[in-house]
Structure formats: C-alpha cells, structure tokens
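Below is one structure, written out as structure tokens, with a few remarks after it.
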Amino acid sequence: MSLPSMALPGQLLGPSTKYAPGPGTHMHDSNIYASIPGPVSSSSSPATATKPHSNTTSKPLPLLSIRRAPSNPSTAVLGPNSGSGSPILPEVSSTVLGRITRLGPRFATLDIVIINDTVCRESFAGLIRREDIRATEKDKVKIEESFRVGDIVRGEVVSLGDQSNYYVSTARNELGVVVAKGEGGEVLVPVSWKEVRDMRTGRGEGRKVAKPF
C-alpha cells in the first residue's frame, strides 16, 4: 500500500507495523488514520526503540505526519483546475469535506474546506438540512444525534442553495462524520453507523457516521 500525497480525515494511511503515528494522525486497530486534511509526509523517527532484556535496538519506523493546510487564503493550496489563482467552487455532485460550526433544530452548518480531494483556497459555507442527513426514516432524524460542533464531515453537494450556503447531503453510506470530537477535544472512534465512542472511558455518542474507507 503506497502513501497518498493528500489525505482526508479518517483515511487509512498504513499499518502500525510499517509506520509510527505522528502529528495529524491517530491509530486505531493497529492501523494509522488521518485526523486532519492535508499533505502526507514520511520522515525518520527521532528515536530508536530498545528491545526488552536486550542491548540491541530495533530499526525505527518512519514517522507519518500531516501538515495542516494554511489558514491564510493567499497561501492555501490550490487545485489543478483552479487556473491562475482562481478559487475552486463547489458544484452539484462534488464530494466535500467540512467542519461543523453550528447546530440548529432543522439544519447543521459547516465550513467546506476540501472539494473533490483538493484543499480550498478559502472555505465555503455549507448547510446540511435534516431531510438530507439520512436516506431512510427522515422524520426521526435529530440534528444533535447526527453531528456535533467540531466534527469533520464528508458530504455531497446536492444544490447550490442560496447566495450564502451550499446544500450538502450525507444520506449515502459513505457520507457522514469521519472525525468526531468529544467535549474534551478527544477523538471518538466509530463503533457503528450511528455511534462513536471514547475508547478510554467507553462513553458513546450518537452520530451519522460515514462508512470507513
């Protein structure tokens, strides 16, 4: 398995037998996953591991890390189709990645930061309506049991909406929360399509979880 040049949150990067987790990554079930979007880099581990009851040292594993995309729009990464400095715009059927910023009784708002695997020059405002969260039993959907502020969500643009928001859907299995944050800022691990859990305390929370890669 080769390393991707650009990773999305929740994307599998490689096994922990071949790499060591670094900044911007986390480990789950002996695999290393991306925690933030950005370019992936592999570097020499700063230290070697000493085998127990032995004077020999094992060869250090390459350290995987992800560099956070710059927040300044003038220095942000541009996509291959962005032209001479023109920002990439979301289109209907674009796959986007964004951070949940606010919850309401009938919608969740998000800042779109990645469009079709390309980091945006600037973020775009998105809106996930309650009826676009899930494909079935839409009348039973509750916003607070699907998303929380700070979650990273993968979705699909279903409408250009109004002048201030793009309408985004998470109704397909592969769409939804890819990185969930707990109240203390800890990363919560998906245990089903509708629940994430703090593996240290065992506390569970409801989410509309995206199917893993």
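Among the candidates ARG172, ARG134, ARG148, the residue that is in contact (Cβ under 8 Å) with a residue 12 or more places away in the chain, closer than 21 Å to THR95 by Cβ, crowded, with 17+ Cβ neighbours inside 10 Å and among the basic types (Lys, Arg) is uniquely ARG134. In this structure, VAL191 does satisfy being surrounded by fewer than 17 Cβ atoms within 10 Å (Cβ to Cβ) and among the β-branched types (Val, Ile, Thr).
Which of the following residues is under 27 Å from LEU13 (Cβ atoms) and not hydrophobic (A, V, I, L, M, F, W, C): GLY161, GLY184?
Criteria check complete, one pass: GLY184.
Laboratory data are not the source of any read-out in this text; all were calculated from the coordinates shown. Every value quoted in this text rests on a predicted model; they were computed, and no experiment measured them. Cβ: placed from backbone, ideal geometry, glycine included. Neighbour counts: every protein chain shown.
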